[in-house]
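What follows is one structure encoded as structure tokens, with my remarks underneath.
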Amino acid sequence: MEDQNKDLVKHLEELRKRIIITLVIFLLFLVLAFIYVQDIYLVIVQELPFKLALLGPSDILFVYLMIASIVAITATIPVAAYQAWLYVRPALTPKERKVTIAYIPAIFILFLLGISFGYFILVPLVLNFLMSLSNDMFTTFFTTEKYFRFLFHMTLPFGFLFELPLVIMFLTSIGIINPNSLRKNRKYAYFLLIVVSILITPPDFLSDILVIIPLLLLYESSISLSKFIYKRQNKEVSNEI
């Protein structure tokens, strides 16, 4: 019992160390991003077809913090993944270590792809559609805070949602799920993804459709990847036998 308690304390200390390192790196990136936040802001708004307005002096500070936070989160993703890998590494076999460390760059790339998908594809489509609804009947007036909240909701969630194929590949590789279970629970997964898409998008039908379709495609691609990993594992087991 005493040895178990010592092991538990040791694991908790190691976990705390990894969390602290990740938080320190995040804060460093946050400070660095805040130094250049005005330049980042100008790049984002330079091609907007409308002017952004401020309703109060605190709005611009909120926007700057939001921009710096997104940049810091993006930059910290590979660091957080590497710290998580260092934490679980002692429990992995040499082969598992090689496999799992390969996921780290993939996590970063998929996160960037998700944010890029939201920023370069979804945001223009949804924004143009919403603006077209006014049909010259209303005066277009966008506040800086409202616009960046919209931008935040249409980009950051997709950074995490695009990790779905990688998560499913990892869970398949360690035997928690398999392609058969994914196909069997497809309707429940579809329902969950539809609910998520409705929660993260503006309240209009087009936005929901534009988000739902890529999420369902992500799930279907995840099934294919899971099938590939599952077959490869079974083949390796057969060869060993």
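Measuring nothing but protein heavy atoms, the accessible surface of the chain at 1.4 Å probe radius is 69 percent carbon and sulfur.
For the chain, the longest principal axis of the C-alpha atoms and the axis of helix 103-117 are separated by about 20°.
Going by average Cβ density within 10 Å per residue, which order do the peptides 28-34, 140-146 take, highest to lowest? Please list the in-between numbers first.
Numbers: 28-34: 16.4, 140-146: 14.7.
Final packing ranking: 28-34, 140-146.
Potential lengthening of the chain between Lys10 and Met131 amounts to 37.9 nm, from the contour at 0.36 nm per residue minus the alpha-carbon distance. Annotation: lysines with alpha-carbon distance below 23 angstrom to Lys187 (same-chain offsets under eight excluded): Lys227.
Dividing the mean sequence gap of close Cα pairs (under 8 Å, 6+ apart) by how many residues the chain holds gives a relative contact order of 20 percent.
On average, how much accessible surface per residue is there in the chain, in Å², for a 1.4 Å probe, leaving out ligands, DNA and RNA?
Normalised by residue count, the accessible surface of the chain is 63 Å².
Taking only DSSP H segments of four or more residues, each worth -39500 (n - 2.57), what value at 222 nm results for the chain once the sum is divided by all its residues, to the nearest 500 deg cm²/dmol? The helix-only estimate for the chain comes to -27000 deg cm²/dmol at 222 nm.
Once backbone amide H atoms are built at 1.01 Å from N, Leu52 has no partners under 5 Å, excluding neighbours fewer than 5 places away on the same chain.
Just order 101-108, 181-188 by mean Cβ neighbour count inside 10 Å, highest at the front, would you?
Values: 101-108: 15.6, 181-188: 12.9.
Those peptides, ordered most packed to least, come out 101-108, 181-188.
Taking a straight line from the alpha carbon of Lys17, these lysines sit under 19 Å away, with near neighbours fewer than eight places off in the same chain left out: Lys6.
Relative to the longest principal axis of the Cα atoms of the chain, helix 2-35 runs at roughly 30 degrees. Structure note, pairs Lys184/Lys231; Lys95/Lys235; Lys95/Lys184: Cα-Cα distances above 28 angstrom occur for Lys95/Lys184. Charge dipole (Cα centre; +1 on Lys/Arg Cβ, -1 on Asp/Glu Cβ; no other charges) of the chain amounts to roughly 840 debye. The alpha-carbon of Lys146 sits under 24 angstrom from the alpha-carbons of these lysines, leaving out residues fewer than 8 places away in its chain: Lys51.
The values are calculated or read from the model by the stated rules, or taken from the named source; none is laboratory data. Predicted model only: the values in this text are computed from it and were never measured. Please note: Cβ atoms are built from the backbone with ideal geometry, for glycine as well, and neighbour counts cover all protein chains shown. Quick note on the areas: whole protein, heavy atoms, side chains included, nothing else; ligands and nucleic acids left out. Shrake-Rupley method; radii C 1.70, N 1.55, O 1.52, S 1.80 Å.
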